[in-house]
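Enquirer: Before we start, here is the structure in question, set down as structure tokens.
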Amino acid sequence: MTLASLIASYGYYALFAGTFLEGETVLISAGFAASRGILDLTWVIAIAFVAGTLGDQLAFLMGRWHGERLLRRFPLLRSKQPVVQRLLDRYQIPLILLIRFMVGLRIAGPFVIGMSSIPFSLFSLLNTTGALIWAVVVATVGYYFGMAMEALFADFKQVEQVVLLAILVFGALIGLWRHRQRR
């Protein structure tokens, strides 16, 4: 079974799981796969939008319902709280709209915002809008990266799976590096 056939079979499931949690690398890879005809760009954007929205809504509600208890259990969340709170005090609406673009704050941000007095309805509206912007922008970056690679290399079809695998490995390495930095 080739990488392309694996992605065609399970790519949308992996995209949902990856973008529910964090997922820029997964979304860029899915956009790239869409440029290659393996996935459909409209579905990639729709799934990333739904999963990204749901993931942040859940993080917000976890902060609202169990914030202090989870802060005690997860020191990394506690270390992000002052940064998010400072940004929230100063840039409430832009922060909620763009938190998913801020490296290191994607999960902690909605969680800490949930601990604030921000109404759930306001967060939901801004989070949904931000998720749509994020899904379109990041998936499109991956899509046009694939189109640019095809335009630059006449025999790109022969190496497209290697490039897709390189994107995934690069994303995994960045994730591991960030994880090690946190420890």
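Enquirer: Residue by residue through the stretch 38-88, note down the ones that are among the small types (Gly, Ala, Ser) and over 17 Å from Phe101 (Cβ atoms).
Expert: The answer is Ala46, Gly63, Gly67, Ser79.
Enquirer: What number of residues within the stretch 80-98 satisfy the criterion of being more than 20 Å from the chain's Cα centre (by Cα) and among the basic types (Lys, Arg)?
Expert: The qualifying residues number 2.
Enquirer: Kindly check whether there is at least one residue in the stretch 92-106 that is charged (D, E, K, R) and either modelled with pLDDT under 85 or touching a Phe, Trp or Tyr at 6+ places or on another chain (Cβ under 7 Å) (or both). Walk me through how you get there before you give the answer.
Expert: Looking only at the stretch 92-106, we keep the residues that are charged (D, E, K, R), and these are 100, 106.
Of the ones still in play, those that are also either modelled with pLDDT under 85 or touching a Phe, Trp or Tyr at 6+ places or on another chain (Cβ under 7 Å) (or both) are 100, 106.
The answer is yes, given that some residue of the stretch 92-106 is charged (D, E, K, R) and either modelled with pLDDT under 85 or touching a Phe, Trp or Tyr at 6+ places or on another chain (Cβ under 7 Å) (or both).
Enquirer: When the stretch 17-33 is examined, which residues are found to be in a helix (DSSP H, G or I) and surrounded by fewer than 24 Cβ atoms within 10 Å (Cβ to Cβ)?
Expert: Those that are in a helix (DSSP H, G or I) and surrounded by fewer than 24 Cβ atoms within 10 Å (Cβ to Cβ): Ala17, Gly18, Phe20, Leu21, Glu24, Thr25, Ile28.
Enquirer: If we keep just the residues of the stretch 34-71 that are part of a loop (DSSP other than H, G, I, E, B) and not charged (D, E, K, R), which is surrounded by the most Cβ atoms within 10 Å (Cβ to Cβ)?
Expert: Top of the filtered list is Leu39.
Enquirer: Next question, about the same structure. When you go through Gly11, Gly23, Gly31 one by one, which is the residue that is out of contact with any Asp or Glu (no Cβ under 7 Å at 6 or more places or on another chain) and under 22 Å from Ile96 (Cβ atoms)? Quick ask: steps written out before the conclusion?
Expert: Numbers: Gly11 fails: under 22 Å from Ile96 (Cβ atoms); Gly31 fails: under 22 Å from Ile96 (Cβ atoms).
Only one candidate passes the filter, namely Gly23.
Enquirer: Sort out which residues of the stretch 88-104 are closer than 16 Å to Leu122 by Cβ and not acidic (Asp, Glu), and write them in order of number.
Expert: Leu88, Tyr91, Gln92, Ile93, Pro94, Leu95, Ile96, Leu97, Leu98, Ile99
Enquirer: Quickly run through the stretch 27-46 and pick out the residues that are of a type in the set (A, V, I, L, M, F, W, C) and either over 15 Å from Ser9 (Cα atoms) or in contact with a strand residue (DSSP E or B) (Cβ under 6 Å, 6 or more places away or on another chain) (or both).
Expert: Once the filter is applied, which keeps residues that are of a type in the set (A, V, I, L, M, F, W, C) and either over 15 Å from Ser9 (Cα atoms) or in contact with a strand residue (DSSP E or B) (Cβ under 6 Å, 6 or more places away or on another chain) (or both), the stretch 27-46 yields Leu27, Ile28, Phe32, Leu41, Ile45, Ala46.
Enquirer: Regarding Val137, is this residue of a type in the set (Val, Ile, Thr), modelled with pLDDT of 90 or more, part of a helix (DSSP H, G or I) and surrounded by fewer than 15 Cβ atoms within 10 Å (Cβ to Cβ)?
Expert: So Val137 passes the test.
The values are calculated or read from the model by the stated rules, or taken from the named source; none is laboratory data. These numbers come from a predicted model, not from an experiment. Cβ coordinates were reconstructed from backbone atoms using ideal geometry, including for glycine residues, and neighbour counts include every protein chain displayed.
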